[in-house]
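First up is the structure itself, then whatever we jot down about it.
The values are calculated or read from the model by the stated rules, or taken from the named source; none is laboratory data. Because the structure is predicted, anything quoted here is derived from the model rather than measured. When we count neighbours, we look across all protein chains shown, and the Cβ atoms used for this are built from the backbone with ideal geometry, even at glycine.
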Amino acid sequence: MWSFLIKHCRDGIEILFLATCIYQIYRAFRATRGAQILVGLGTLLVVITLISTIFKLEVISWIFKGAATILTFALIVIFQPELRTGLARLGSNRLFSFYSRRRLDFLERFADAVINLSKKRIGALFAIQRDVSLKEQLDTGVALEARFSPELAMAVFFPKSPLHDGGMIIADDRVAGAGCVFPLTEREMKDRSTGLRHRAAIGLTERTDAIAVVVSEETGGISICDNGFLQRNLTEKQFREKIADIFFSSNSSHETESNEKPDRKDPLTPAGDRNLVSH
């Protein structure tokens, strides 16, 4: 048994390495428009290869071998946005991130702000930066560099304020800017009620690892978007649990689309139910 393990350990390492690479590629392409192209192209190549092998179509096989190099460069051009996002995520590592009491205080203030906006049905769009920089989106808005507070969020998103139509970017628990333009998702939305704020939240989280939070102007519903997946109409308790689970739970799985309540037992407690603006 020992000699067998020594002889084949290199094969096991190669299999593990390839499996890890394939899994990371799957994560990078999952839920993107490029994934549909990749699946279609892969299916076409497999079918043509099988047909040419079974029926010994030498001309088609020769053409495929000659076009392999050209096809490789073509794929790099076609999947450039997905490759850039995937490499950025591979280069990031949140396993060693340390969330201090400062982060907990910020999340409590942030949850209070979102819930107050929801109660007053004031539309809002937030993006919380993680490892991938949002400088490209920040350059489209107005730089603020201010301490986040529920009062500041209310002032920015209050109707007819100069910055209420754009998104607010939060980096290092501070407001980096507001009035920012986020990229819209290119996916077809089955739900026709999905507005521009929600589409922008999906588009941003498809391209970066940011967390987007949306407050609906029509219904006051709270939504969280992570990795291109949108969870809508969260209750106050569900929202506090979800936002805490994303940033504090190492077992958080935010790659599945669900409206179920997380299992977290220690949600953020509200800092206060004060009304920021009188009715």
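Of the residues that make up region 250-268, is at least one closer than 15 Å to Val114 by Cβ and either part of a helix (DSSP H, G or I) or modelled with pLDDT under 90 (or both)? Looking through region 250-268, at least one residue is closer than 15 Å to Val114 by Cβ and either part of a helix (DSSP H, G or I) or modelled with pLDDT under 90 (or both). Of the set (1) over 20 Å from Phe248 (Cβ atoms); (2) in contact with a Ser or Thr (Cβ under 9 Å, 6 or more places away or on another chain), all apply to Met154 but (2). Scanning region 197-235 for residues that are out of contact with any Ser or Thr (no Cβ under 8 Å at 6 or more places or on another chain) and either surrounded by fewer than 19 Cβ atoms within 10 Å (Cβ to Cβ) or among the polar types (S, T, N, Q) (or both), which turns out nearest to Asp165 (Cα to Cα)? Among those residues, the one meeting the criterion is Glu217. Residue count for region 34-79, restricted to those that are outside any helix (DSSP H, G or I) and surrounded by fewer than 11 Cβ atoms within 10 Å (Cβ to Cβ): 2.
Residues that are touching a residue at least 24 places away in the same chain (Cβ under 8 Å) and over 12 Å from Ala127 (Cβ atoms) within region 157-171 comprise Phe157, Phe158, Pro159, His164, listed in sequence order. One residue is enough: does region 178-190 have a residue meeting the conditions touching a residue at least 60 places away in the same chain (Cβ under 8 Å) and under 13 Å from Leu138 (Cβ atoms)? No, there is no match, as no residue in region 178-190 is touching a residue at least 60 places away in the same chain (Cβ under 8 Å) and under 13 Å from Leu138 (Cβ atoms).
Residues in region 100-154 that are part of a loop (DSSP other than H, G, I, E, B), within 24 Å of Gly195 (Cα to Cα) and in contact (Cβ under 8 Å) with a residue 12 or more places away in the chain: Lys120, Arg121, Ile122, Gly123, Gln129, Leu134, Thr140, Gly141.
Looking across region 205-234 at every residue that is among the small types (Gly, Ala, Ser) and assigned to a loop (DSSP other than H, G, I, E, B), the one that is farthest from the chain's Cα centre (by Cα) is identified as Gly220.
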